[in-house]
Amino acid sequence: MSQSILIIGAKSDISKEIAKIYASHGYNLILSGRKITELEDFADELKRLKVNVELRELDITQTDTFEDFISDLKTYPTGIIMCVGFNPPNSEVTHDQEKLMEVMNVNYSGPVIFINTIKKSFKSGFIIGISSVAGERGRRKNYIYGSAKSAFSTYLSGLRQELNKKNINVITVHPGFVKTKMTDNIKTIGLLTTTPDRVAMDIFKGQQSYKDIIYTRFYWRYIMIIIKIIPESLFKKLDL
């Protein structure tokens, strides 16, 4: 039986690269997101790899639509990849309550409610949640976004324990700096910045190897170990 992957937030640069990799390995795809018809040309490209591609409209902040979305799925996915993200400048978020709520809803509450809804009938396979190294420790420049991702990582950790006995692999992905549309307004460090295709390959290889936690690129695991052991009395003075 053909396996299928549900990618939520399928319009992002990383999502598209993930879709290409899974399609090249014979996985059928369900691509979902807001204004998803914008991916019609991309879906046609993927179909040339002889896989089925279905486009489904989904706004991760409209939680009352989740039940209908899931019940209307033509095929039940073997894997779910949650790729949604919203990371505006922290200076804007702290002065705009609506934008602050959107950061929380897109990065945390929406994904949690969706996964919590679909897991009820999920029998086996995998669930991948893309978090961020920003959730590892709060920093002045992005602590609103980082706090939402931190909460999402905590949820995935507990979910991993809950679903372990059901043979469902829950994977937390911690990307570092990635050159995407979402990071255009963020100052990154060239040597530590990677590309969406490399992140996608790290995710695919990690999932195929039944990893629990994936840092991408790999060096971010060690960078975050160092950052997390800096004493708070010193860390609060740093301009990170």
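The values are calculated or read from the model by the stated rules, or taken from the named source; none is laboratory data. For clarity, every value in this text was computed on a predicted model and none was experimentally measured. Glycine gets a Cβ as well: all are built from the backbone with ideal geometry, and neighbour counts include every protein chain shown.
Scanning the range 110-137 for residues that are over 25 Å from residue 78 (Cβ atoms) and either at pLDDT below 95 or surrounded by fewer than 18 Cβ atoms within 10 Å (Cβ to Cβ) (or both) yields one hit, 137.
Check the range 4-20 and report whether any residue there is modelled with pLDDT of 95 or more, touching a Leu at 6+ places or on another chain (Cβ under 9 Å) and more than 20 Å from residue 200 (Cβ to Cβ). Within the range 4-20, not a single residue is modelled with pLDDT of 95 or more, touching a Leu at 6+ places or on another chain (Cβ under 9 Å) and more than 20 Å from residue 200 (Cβ to Cβ).
Meeting the requirement of 2 or more residues that are charged (D, E, K, R), the helices (runs of 4 or more DSSP H) wholly within the range 144-240 are 196-208, 219-229.
Taken over the range 21-34, the criterion of being over 14 Å from residue 200 (Cα atoms) and over 18 Å from the mean Cα position of the chain (by Cα) is satisfied by 26, 27, 28. Tallying residues that are touching a residue at least 24 places away in the same chain (Cβ under 8 Å) and surrounded by 10 or more Cβ atoms within 10 Å (Cβ to Cβ) within the range 222-239 yields 5. Within the option set 93, 84, being out of contact with any Gly (no Cβ under 9 Å at 6 or more places or on another chain) and crowded, with 16+ Cβ neighbours inside 10 Å holds for one residue only, 93.
Taken as a whole, the condition of being at pLDDT 95 or above, closer than 24 Å to residue 16 by Cα, aliphatic (A, V, I, L, M) and buried (at least 21 other Cβ atoms within 10 Å of the Cβ) applies to residue 171.
Of the residues making up the range 12-36, those that are crowded, with 24+ Cβ neighbours inside 10 Å, of a type in the set (Ser, Thr, Tyr) and either in contact (Cβ under 8 Å) with a residue 40 or more places away in the chain or part of a helix (DSSP H, G or I) (or both) are 15, 22. Per this entry, residue 84 is not counted among residues that are among the aliphatic types (A, V, I, L, M), touching a residue at least 40 places away in the same chain (Cβ under 8 Å) and assigned to a helix (DSSP H, G or I). Being more than 21 Å from residue 5 (Cβ to Cβ) and either surrounded by 16 or more Cβ atoms within 10 Å (Cβ to Cβ) or more than 15 Å from the chain's Cα centre (by Cα) (or both) is not true of residue 163.
Pairs linking a residue in the range 95-119 that is without any contact (Cβ under 8 Å) to a residue 24 or more places away in the chain to a residue that is part of a helix (DSSP H, G or I) and charged (D, E, K, R), with Cβ atoms under 7 Å and 6 or more positions apart or on different chains, are 99/92. Taking residue 77, is it part of a loop (DSSP other than H, G, I, E, B), closer than 29 Å to residue 210 by Cα and in contact (Cβ under 8 Å) with a residue 12 or more places away in the chain? Judged against the criteria, residue 77 is a match.
Filtered by the rule that a residue be over 24 Å from residue 16 (Cβ atoms) and not polar (S, T, N, Q), the range 113-137 gives 113, 119, 120, 122, 123, 136, 137.
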